[in-house]
Every structure is written in C-alpha cells, then in structure tokens.
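**Q** Structure below; questions to follow.
The values are calculated or read from the model by the stated rules, or taken from the named source; none is laboratory data. Just so we're clear, the structure is a prediction, and the values are computed from it rather than from any experiment. Cβ atoms come from the backbone with ideal geometry, glycine included; neighbour counts cover every protein chain shown. Areas reflect the complete protein model, heavy atoms only, side chains present, ligands, DNA and RNA absent. Shrake-Rupley method; radii C 1.70, N 1.55, O 1.52, S 1.80 Å.
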Amino acid sequence: MNESSPIAREAVPFLLVSLGVSLALWLGGLWQGAVLGLLFASYTLFFFRNPERMAPSGLDQVCSPADGKVIFVGESLEKDFLNETRVKVSIFMSLFDVHINRMPVDGTIQEVKYFPGRFLAAFDDRSSEENERNLLKVETTRGESLVMVQIAGLIARRIVCYPTSGSFLSKGQRFGLIQFGSRMDVYLPTNATALVKVGDRVKGGESLLAKLNRSGL
C-alpha cells in the first residue's frame, strides 16, 4: 500500500459509489438521500484513515499490530503453524478504530494462510477459530517466531493482506487491513512478556504490546 497516503486505497471504490449516488440523487431532487450519501462518503474517509505512527525502538520491543481494545491476554494453543501453547493477545477493532494493520516487529513473513469461515461478532472468542481469517507466521531478526491472525467480524467482509511469503517488513510498517469491524490475535514468541491487560486501549504501530526476553525462542 502507499505508506504516505492519508487514506488507504481500498477507500476509493466506496467513495466513488457513494459520491456518484449522491450526485444522482441530488440531480433527481432527492436531496435527503444525497445528504445520506455524502455522510457515508465522509465515514468512508474516516474509516480508511491511514495515520503516521512512530514504532517503539529496540529488538526486544513488540508493538501493537492494530488499534482497538485488548479483549484477551492469556495462554492459548496456536495450532495452525506452531502447534504449541503461546501467550495470545486479542485486540477488538470497532467501527470507529483505525483498521490499518502494522508489523509488531522487524521480521520476515514465512507463511500466509487464509481460511474462509463465519462472521461472528469479533469480540466473541469463537471468532478466533470459526470466522474468516488470515494468518501470518513471522520470524524476527533474532530468530523468534510469532503468529498474527486477521479476523473478519460481524460486519467485515474482506480481509486485505499485502505481503507474501518471504517478504521482510519493518516494525510499524503497514501490511494490511480488515474492512468494517474486526479482530487481531497475536501469538507472542515464547520468550515474550505481555505488557497489556484486558481493557487497555492500544494504537497499531505505536503502543508497546510486549517485551522479548533473552531466554528461549
């Protein structure tokens, strides 16, 4: 994606449709419908906003991959890539949060898997395994592994992921988004200590999510 653009490119089709409909309604004398179309266009610009962020420095610093509210912190089995218990942090993105997803560490995308599924509300724990989701296995520059899961929610109907296997991304770099309400799960490396708790608000590419200790990979 265009890193410097203030609006994600995925906004363009929604803007063109809403502005086109608004113009047609206005010309047809249906000004109330035209206003609603303009309101939707304004919300589209708000939803797809792409702010600049400053990621925390240091190879041991893991930043949040998403904006939103922390809804789970605890041990959970990651069975799609690692088949082992990891510390999982789940972040719920409401319709009012920034939905750009960012790399939590400097690392290489080792593998990407997509699973079709249901569209349960993203704050429902069942969504981690039952909803449409996209998984990325990442290896840090120090050799640690982590897994990120983009999860579509009740309203979300499209997951966007830009990098492919073998891509190297820097901490804080944009790697995708989920359109209209969603969730992000992160399975931290085994040497990580989570620094957030349930109820905390975090910003993608900026908030400190965890710290990597020296022992273990």
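**Q** Can you find even one residue in segment 33-43 that is within 15 Å of the chain's Cα centre (by Cα), under 22 Å from GLY153 (Cα atoms) and among the hydrophobic types (A, V, I, L, M, F, W, C)? Spell out the reasoning first.
**A** Taking segment 33-43 and keeping what is within 15 Å of the chain's Cα centre (by Cα), we get none.
The answer is no; no qualifying residue exists.
**Q** Hey, GLY117 hits all of (1) open to solvent by 30 Å² or more (accessible area, probe 1.4 Å); (2) within 16 Å of GLY176 (Cα to Cα); (3) more than 16 Å from the chain's Cα centre (by Cα) but one; which does it fall short on?
**A** For GLY117, the exception is condition (2).
**Q** What's the total number of residues in segment 27-49 that are under 18 Å from LEU95 (Cβ atoms) and among the aliphatic types (A, V, I, L, M)?
**A** Number of matching residues: 4.
**Q** Moving to a separate point now. I'd like to check something: does segment 69-82 contain any residue that is without any contact (Cβ under 8 Å) to a residue 40 or more places away in the chain and among the aliphatic types (A, V, I, L, M)?
**A** Start the filter on segment 69-82 by keeping residues that are without any contact (Cβ under 8 Å) to a residue 40 or more places away in the chain, which leaves 74-75, 77, 79.
Keeping just the survivors that are among the aliphatic types (A, V, I, L, M) gives 77.
Yes, because at least one residue in segment 69-82 is without any contact (Cβ under 8 Å) to a residue 40 or more places away in the chain and among the aliphatic types (A, V, I, L, M).
**Q** While we're looking at this one, here's another question. Test each condition in (1) outside any loop (DSSP other than H, G, I, E, B); (2) open to solvent by 60 Å² or more (accessible area, probe 1.4 Å); (3) farther than 25 Å from ALA194 by Cα for SER18 and report the one that comes out false.
**A** (2)
**Q** Working carefully through the options PRO56, PRO65, find the one that is at pLDDT 95 or above, open to solvent by less than 40 Å² (accessible area, probe 1.4 Å) and not in a strand (DSSP E or B).
**A** Just one listed residue meets the conditions, PRO65.
**Q** Could you tell me whether segment 39-52 includes any residue that is at pLDDT 85 or above and closer than 30 Å to ASN191 by Cα?
**A** Among the residues of segment 39-52, at least one is at pLDDT 85 or above and closer than 30 Å to ASN191 by Cα, which makes the answer yes.
**Q** For segment 87-112, how many residues meet the condition of being open to solvent by 10 Å² or more (accessible area, probe 1.4 Å) and either among the polar types (S, T, N, Q) or part of a strand (DSSP E or B) (or both)?
**A** 8
**Q** Give me the residue from segment 128-152 that is farther than 16 Å from HIS99 by Cβ and among the polar types (S, T, N, Q) and, out of that set, modelled with the lowest pLDDT.
**A** The selected residue is SER128.
**Q** Turning to a different aspect of this structure: How many residues are closer than 22 Å to GLY58 by Cβ, of a type in the set (A, V, I, L, M, F, W, C) and open to solvent by less than 30 Å² (accessible area, probe 1.4 Å) when one looks only at segment 144-183?
**A** The qualifying residues number 5.
**Q** How many residues does segment 193-212 hold that are open to solvent by 60 Å² or more (accessible area, probe 1.4 Å) and farther than 13 Å from VAL105 by Cβ? If you could, list the steps in order and put the result at the bottom.
**A** To start, the set of residues in segment 193-212 that are open to solvent by 60 Å² or more (accessible area, probe 1.4 Å) comprises 193, 195, 197-198, 201, 203, 206, 208, 211.
The next check asks that each one be farther than 13 Å from VAL105 by Cβ; those that pass are 193, 195, 197-198, 201, 203, 206.
Residues in segment 193-212 being open to solvent by 60 Å² or more (accessible area, probe 1.4 Å) and farther than 13 Å from VAL105 by Cβ: 7 in total.
**Q** Can I ask one more? Quick one: count up the residues across segment 123-132 that are outside any loop (DSSP other than H, G, I, E, B), surrounded by fewer than 24 Cβ atoms within 10 Å (Cβ to Cβ) and in contact with a strand residue (DSSP E or B) (Cβ under 7 Å, 6 or more places away or on another chain).
**A** Within segment 123-132, residues that are outside any loop (DSSP other than H, G, I, E, B), surrounded by fewer than 24 Cβ atoms within 10 Å (Cβ to Cβ) and in contact with a strand residue (DSSP E or B) (Cβ under 7 Å, 6 or more places away or on another chain) number 2.
**Q** Anything in segment 68-83 that is assigned to a loop (DSSP other than H, G, I, E, B) and at positive phi? List them, or say none. Quick ask: steps written out before the conclusion?
**A** Just the residues of segment 68-83 that are assigned to a loop (DSSP other than H, G, I, E, B), to begin with: 79-83.
Within segment 68-83, ASN83 is the sole residue that qualifies.
**Q** Which is surrounded by fewer than 17 Cβ atoms within 10 Å (Cβ to Cβ) and out of contact with any His (no Cβ under 9 Å at 6 or more places or on another chain), of THR141, THR190?
**A** Numbers: THR190 fails: surrounded by fewer than 17 Cβ atoms within 10 Å (Cβ to Cβ).
Going through THR141, THR190 in turn, the sole match is THR141.
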